Amino acid sequence: MVNLIAAGEVIERPASVVKELVENSIDAGATSLTVTIEDGGRKLISVSDNGNGMDADDLANAFEPHATSKVKEADDLNRIATLGFRGEALASIASVAQVRAVTRMAGSDQAHCIEIDCGDKGPVTPCSGDVGTTIQVRDLFYKTPARRKFLRTANTELGHVTEQFSRIALPQCNLDLALIHNGRELYRLSKTESLKERVGQLFPMLVSGTGDDLIETETREKGIRIRALLGLPGLSRTSNQFQYAFVNGRFIRDKFISHAIKEAYRGMLDANRFPVVFLFIEMPFSEYDVNVHPTKIEVRFYNSNLIHSQVLGVLRERLLGTNLNIAAQLPAREMPPQNEESADREQRRQQIADAMAEFFRKQRPVHQQQQFDLRAESVPGRREPEYRRTAIERPGPASSSFQAPPPDSKYLQIHDSYIIEQTDEGFVIIDQHALHERMLYEIMRRRLDRESLESQRLLLPESFEVTEAQAGAIDNHADMLTQLGIELTPFGPRTYAIQTFPTMLGNVSPLEFVHDLLDLLVERGDAMAKRDLFDDILNMAACKAAIKAGQRLTDSEIRQLLADRERFESTSRCPHGRPTTIRFSISELEKQFKRT
Ligand code: ADP
Ligand code: MG
């Protein structure tokens, strides 16, 4: 009974068995192991390792409840260095499946085996076998139909197994690992020195191409070593499935760490996007407790604030220090032989042009294009907002020295949407909307960290009707509205009037903005943390107030934009995580033109 109850906590599905068996192999010092499963693990789970193995006595004991070789005295519990220590995994597994274990110690010429059928233990007998241990688990839960019923399809269970496999493989770079399903090899990972290589072995889609979208960083401070692989904002996902945190090789979920990751990317990503992050933390075993959760997926840090600030610090520093500009890669195409006549040169030019066109087709953000089209069609004759009207407020005294680009700087606007600028290394292409949006966002964010947005009183208050929910939202978020510089006053039954409006949004229609703002507040206002909500609002405001794609700029407007850009460190991404600037190097061009 005790085992069955423990099994209920520890063994939920085939993936839990894989986790426990593989952890045991690692604790046994294995350098190579193979996981073989059939039918998503429902039929068979087998883990074979080349670890220390067990002698006949230990093998007989290993399946007893609370039998562990990893804790010798109570004090050991305060410094758990092994993945397992509770001594309940093998006993639990053997109580709900058919198990066969074969094991041989290094230096012994005899292997031993044992079979257990749902808790019914057979004798230990000599047999043949390699050094190491193989444990086979068949027909999980076959005598407990109520539990068996909860197993999902082979595919779903396989998904869970692969996830467990990844959680083990990521921090154990020095391990050769294989996963085989129904006779097919799904993974074969050779040991490697490089975290990035291991990530690439498991998740090729994250490092396809140059792999430059994942950057590495490392610190060792205050007794905590942190290594991390960070996805650039462009690699972000719609869920946190690519956020992995490990403490001393153990996969954990921790709300402090998740929060620190989120904070580190603040302002670089939309609120509903999740960055890709692999975090490997090493710290003294005595600084946290792993004995708080049966599957040890949660730990208790004695100083969680320190963990939070260390993680946030190392990630943020690396991200801010990274040039998030995208380096353009012209496709390497086969070029015609050199020294040929002008027909060939013409063909080459055509190839370059094709490459550029292709490049633009891929890079041009679709939604921006639509936005432009919409405006052009649905608001004919609408006064073209002038960039100067939202010209950037100087964020602080330090930046008051206005730096115009040198008079001989070369730039050009194309398709009324992109600005091409010559740089020392080559040239850059700037997405005018994305860049301006990014800057507006930064200014408002900085300003709001200190005070409220500057506002202007409307000459004629604009009135609008509200729903019950919207009226509620106006009440609930009165402070926030004040901070944004928006004053709404009741103007009759279910009617409000806009009295003041932020100066920075001078070219945005107040009615339209307040409308969208109320929608946002009604929809998400109560569910989100205040700072996140502000973030969403600022994103929306920046997007609306920014220069549009398709808007022709005068020379001085372009110069203003380029000059303003100089004052922002992190302008290379718009708040939605899209790039604002793409670099082309002259050497890349020279290669394409066969000049080198
Ligand atoms: P725990 O891992 O918490 O000690 P388990 O029930 O998982 O408890 O395992 C019980 C014991 O069996 C371990 O302490 C270890 O001594 C032994 N053992 C289990 N798997 C292996 C293995 N693959 N190689 C060598 N010894 C093993
Ligand atoms: Mg164990």
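Coordinate-derived values only; no laboratory data. For clarity, every value in this text was computed on a predicted model and none was experimentally measured. Cβ sites come from the backbone with ideal geometry, for glycine too, and all protein chains shown count toward neighbours.
Couple of notes before you dig in:
- Considering only L521, S587, S509, the residue lying farthest towards the positive end of the dipole of the stretch 505-596 is S587, judged by Cα position with unit charges set on Cβ.
- For the stretch 262-271, putting each phi into the Karplus relation 6.51 cos²θ - 1.76 cosθ + 1.60 with θ = phi - 60° gives couplings of 4, 4, 4, 9, 4, x, 9, 9, 4, 4 Hz, in residue order, rounded to whole numbers and with x for Gly and Pro.
- Cα shape, the stretch 209-305, gyration tensor, a/c 1.5 rule: prolate
- Contact order for the stretch 94-151, expressed relative to its length and based on alpha carbon pairs under 8 Å spaced 6+ residues apart, stands at 39 percent.
- At R0 = 60 Å, FRET efficiency that the Cβ-Cβ distance of E566 and T156 yields, to 0.05: 0.70
- Rounded if a/c under 1.5, otherwise prolate or oblate - the stretch 1-87, Cα gyration tensor axes: oblate
- Placing unit charges on each Cβ (+1 for Lys and Arg, -1 for Asp and Glu) gives the stretch 242-321 a dipole about its Cα centre, and among M283, V314, F301 the Cα reaching farthest toward its positive end belongs to V314.
- Separation between Cα centres of the stretch 274-304 and the stretch 440-480, rounded to whole Å: 41 Å
- Spin-label pair E298/L460, simplified geometry with 7 Å Cα→Cβ offset, distance in nm: 5.9 nm
- Taken along the Cα-to-beta-carbon direction at a fixed 7 Å, the label points for I414 and T322 span 2.8 nm.
- Assigned charges on the beta-carbon of Lys, Arg, Asp, Glu; the stretch 454-518 dipole about Cα centre (debye): 140 debye
- FRET efficiency for the pair K143 and L77, taken as 1/(1 + (r/R0)^6) with r the Cβ-Cβ distance and R0 = 35 Å, rounds to 0.60.
- Applied to the stretch 273-286, the Karplus parametrisation 6.51 cos²θ - 1.76 cosθ + 1.60 on θ = phi - 60° returns per-residue 3J(HN,Hα) values of 10, 10, x, 8, 9, 10, 10, 10, 9, 10, 7, x, 4, 7 Hz, with x for Gly and Pro.
- Violating pairs (Cα-Cα greater than 21 angstrom) within the set K296/K530; K410/K594; K121/K149; K19/K191: K296/K530; K410/K594; K121/K149
- Extension gain for K121-D519 works out to 136.8 nm (0.36 nm per residue, less the C-alpha to C-alpha distance).
- Take every pair of alpha-carbon atoms less than 8 Å apart whose residues are at least six positions apart; their mean separation over the length of the stretch 53-98 yields a relative contact order of 44 percent.
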